[in-house]
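Following: one structure in structure tokens, then a few remarks.
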Amino acid sequence: MEQGGFDLDFPEPSFYYKVLRKHHVKIHPRRGVKILGLWYHDPVLDEPRFQQPSARGGKHARQWVVRSDRRDRRQVFLQDDADHETWHILRWRGLPPDGEIPAFSDKTAGALLAHVKANNIRIHSESELLEHLLGILGSVTPVDQWPSQAKKKAGKKRRVAQAREITRAQAAAADRPAAPAPANEQVPAEVPVAWAEHARTIDRVVDADRRRRREEALVDTRPVAPATLHAALKRRRMFRLPPPDDSEADTTVREDDT
């Protein structure tokens, strides 16, 4: 490295945020910021300093800079204007307050907005988008609507797409610097792993549902199990010769007459 003239420099933990995509937006009171069709918010945006236009000048004067990761659209990141080493995580307003949902990328977010626009769906809040997002992700599809054996290829493509979404989210989480959790707050479990385990149980749930329906169909006409070999031998002696057939008896009588 010294001979080639390269300088070995280790990046700072905040370097992850600096290489993300930029968005120059305005902070709306009580709503937050709108990034590529989705609204994001955090209680820190309710502070008076964020209610005022940014002190930034130039081409994007008086606008705030928000950065997003294409691999995981569940949150975006805002740099603190007072401390540039502090980054605030703004969560998507459609996320439930007491849990998480599977990660989704730019592609899934675009499919969600296109689905809403194509079907003329009126969205009054970001939380209403969650139901349509979960429908696209396929994580809450009812049993009656799961793909049949004739649609294995389509189901495989969907599972591959879901696996890619999880991999992108895990890569994005690994790149982000670890934020210290408050002492009185519990750290949530790793969501992508839990959701992947949930996805692997779909086949078992399908089998259980089919077994239940078969049992309900055979409640009145339950089949009787055949007798065991031991019970059959007890009813009939193994070395006892069977009685002669009637056709053999008639042949013997005819021979005696002749």
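The values are calculated or read from the model by the stated rules, or taken from the named source; none is laboratory data. Just so it is clear, the model here is predicted, and its values are computed rather than measured. Counting neighbours? That spans all protein chains shown, and the Cβs are built from the backbone with ideal geometry, glycine included.
Below, the figures for the structure above:
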read-out	value
Residue within the stretch 92-104 that is in contact with a Lys or Arg (Cβ under 9 Å, 6 or more places away or on another chain) and either of a type in the set (Phe, Trp, Tyr) or not in a loop (DSSP other than H, G, I, E, B) (or both) present	yes
Single condition His88 does not satisfy, out of (1) more than 15 Å from Leu20 (Cβ to Cβ); (2) modelled with pLDDT of 90 or more	(1)
Qualifying residue in the stretch 1-8 (condition: polar (S, T, N, Q) and touching a Lys or Arg at 6+ places or on another chain (Cβ under 9 Å))	no
Condition broken by Trp64, with the remaining ones in (1) touching a residue at least 24 places away in the same chain (Cβ under 8 Å); (2) under 27 Å from the mean Cα position of the chain (by Cα); (3) surrounded by 12 or more Cβ atoms within 10 Å (Cβ to Cβ) satisfied	(2)
Residues that are of a type in the set (D, E, K, R) and crowded, with 20+ Cβ neighbours inside 10 Å, drawn from the stretch 72-101	Asp72, Arg73, Arg74
Residue that is within 30 Å of Ile123 (Cβ to Cβ), free of Cβ contacts under 8 Å to residues at least 40 places away in the same chain and not in a loop (DSSP other than H, G, I, E, B), where the choices are Lys107, Lys59	Lys107
Test: residue in the stretch 17-34 that is touching a helix residue (DSSP H, G or I) at 6+ places or on another chain (Cβ under 8 Å) and aliphatic (A, V, I, L, M)	yes
Residue count for the stretch 21-56, restricted to those that are part of a strand (DSSP E or B) and surrounded by 13 or more Cβ atoms within 10 Å (Cβ to Cβ)	13
Search result, residues across the stretch 21-34 that are more than 17 Å from Ser125 (Cβ to Cβ) and either in contact with a His (Cβ under 6 Å, 6 or more places away or on another chain) or β-branched (Val, Ile, Thr) (or both)	His24, Val25, Ile27
Conditions (1) in contact with a helix residue (DSSP H, G or I) (Cβ under 7 Å, 6 or more places away or on another chain); (2) among the aliphatic types (A, V, I, L, M); (3) modelled with pLDDT of 85 or more; number of the one not met by Ala109	(1)
Selection count where residues are farther than 14 Å from Asp81 by Cβ and either among the hydroxyl-bearing types (Ser, Thr, Tyr) or at pLDDT 90 or above (or both), scope the stretch 34-60	11
